[in-house]
Amino acid sequence: MTQKYEPIIGLEIHAELQTNSKMFCSCSADYSNAPEPNTFICPVCTGLPGAMPVLNKKAIEQATLVGLSLNCSINEFNTFARKNYFYPDLPKGYQISQYDLPIASKGYLDILDDTESPMRVIVRRVHLEEDTAKLSHEKNYALVDFNRAGVPLLEIVSEPDMRSVEAALSYATKIRAILRYLGVNSGDMEKGILRFEANVSVRPSGSSELRTRTEIKNLNSFRALTRASAYEIERQIKVYEAGGEVVQETLGWNEARGVTVSQRGKEDAHDYRYFPEPDLPPLQLDRTWIDSIKDQLPELPDAKTARFISDFKLTPSEAQLLTSEQTLANYFESIVAKSKSTAKTIHSWIAGEFMRYMNDSGLALEEINLPAEKFAQLIDMVADKTISGNSGKIVLNEIIKNGGDPQEIVKAKNLAQVSDTGFIQEAIEKVLSDNPKEVEQFLAGKETIIQWLMGQVARATKGKADPNVAKELLVKALEERRK
């Protein structure tokens, strides 16, 4: 059924900026560390009559950085407006936002679609606004905490250019990486610091029409983004297949039930009754100042990926894994600088055992106790056959959990790899005599069983036998039994 229809997806990404103070007042923006609710507040962010907003310069700088990183035009003349709607988390009854003249517009981001083919998503606009307060819903009442009200919020709006859930995920993932590279957002979705809103519609495959869309609000994980979008695509297809019409509305995502739920009719711009913010003059940015912000741009993921492919001879997928996080890319380069091993070997260790430990432990790279120089030393010890690959894994886990020096751990645990043919030959003879059935299977033509026998040799030598030497001696011993 899905093949008869084509999904149309656009994303609105809301990112809280990492500034010390709020967007229009001097209250702390670090609301997660507030001693208690409603302490980081003042007349401005609680909307008291007569309070006057003042622009946060750092937020303007960070928004400009983001706009430049997304290949946008930075508008030298931009304005703020009042977006009017009434909800308990909006203290003034309106939100100070940007509407017709945002800080940045007409950009693009290149991503990979669901077939791993390159595609370009147009970024319609990047604009500044203030975040809302936080509501806590109880059984028969709601509590409002204004500590978050007024925190600088950046909204990145794409055109409806994505034609699959996978493309939307690729776009969202890349935006998050860029924000973290720039240091303007932590990317912590669980805390709501980065949130997605998906605008979804479907149309018959091959059609160019844009049908009625729905907006799924406040998706705070990649999992929620993909599941909610996929569900809504299928829901709309079923509506059309049944002869119905999709209604334009705002939806929420029920993670537990795995369904979208209607929240309210979807507002259009005229419903918000935008008008210029009378308490803030137009913001005029000097071209020289914009150029000075441009000079602050770091090496972004795409450029770093291209350099890793060129300098380290990595494949695109290998490079993209390492550049997905700036801290991981820096860690990789630090190990490369301290190691004698190839970049591909180092990538294999990071992508394999190291990331497996990160996933199992739930720890971020910064929380793991493994200095680059010790990791480099360990990788080199495996590469020069001082220890085996399996012993290397043991040493890796020991350093991460308890610290220590790789060489001392190898010595203490007696893990040094043995190339002594006499020692290995003795272990092989015992394995073969203890497993006559498996030897007969090999001699009968089941050559794959040699891997099992190698495992027995590794166990017998406690992983210390040089695997290349052991395999050579094992094959020789088996062939002698064939005679």
Could you pull out the residue among 333, 373, 366 that is of a type outside the set (S, T, N, Q), over 20 Å from residue 397 (Cα atoms) and assigned to a helix (DSSP H, G or I)? 333
If residue 200 meets every condition in (1) among the β-branched types (Val, Ile, Thr); (2) open to solvent by less than 20 Å² (accessible area, probe 1.4 Å); (3) at pLDDT below 95 apart from one, which number is that one? (3)
Please work out if residue 143 is open to solvent by 50 Å² or more (accessible area, probe 1.4 Å), part of a strand (DSSP E or B), touching a residue at least 60 places away in the same chain (Cβ under 8 Å) and among the hydrophobic types (A, V, I, L, M, F, W, C). yes
For the range 146-156, enumerate the residues that are open to solvent by 10 Å² or more (accessible area, probe 1.4 Å) and either assigned to a strand (DSSP E or B) or in contact with a helix residue (DSSP H, G or I) (Cβ under 8 Å, 6 or more places away or on another chain) (or both). 148, 155
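May I ask you to say which residue of 68, 109, 101 is within 23 Å of residue 159 (Cβ to Cβ), open to solvent by less than 10 Å² (accessible area, probe 1.4 Å) and hydrophobic (A, V, I, L, M, F, W, C)?
Exactly one residue qualifies, and that residue is 109.
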Does residue 182 satisfy being surrounded by fewer than 23 Cβ atoms within 10 Å (Cβ to Cβ), within 15 Å of the chain's Cα centre (by Cα), closer than 28 Å to residue 237 by Cβ and not polar (S, T, N, Q)? no
Within the bounds of the range 169-188, is there any residue that is part of a strand (DSSP E or B) and within 30 Å of residue 55 (Cα to Cα)? no
Does the range 306-325 hold any residues that are surrounded by 19 or more Cβ atoms within 10 Å (Cβ to Cβ), modelled with pLDDT under 95 and among the polar types (S, T, N, Q), and which are they? 320
For the range 349-369, which positions are more than 16 Å from residue 329 (Cβ to Cβ) and not basic (Lys, Arg)? 352, 353, 357, 359, 360, 361, 362, 363, 367, 369
Boolean, residue 319 is in contact with a helix residue (DSSP H, G or I) (Cβ under 6 Å, 6 or more places away or on another chain) and among the aliphatic types (A, V, I, L, M): yes
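The values are calculated or read from the model by the stated rules, or taken from the named source; none is laboratory data. Computed from a predicted model, the values in this text were never measured in an experiment. Quick reminder, even Gly has a Cβ in these numbers, built from the backbone with ideal geometry, and neighbours come from all protein chains shown. Areas reflect the complete protein model, heavy atoms only, side chains present, ligands, DNA and RNA absent. Shrake-Rupley method; radii C 1.70, N 1.55, O 1.52, S 1.80 Å.
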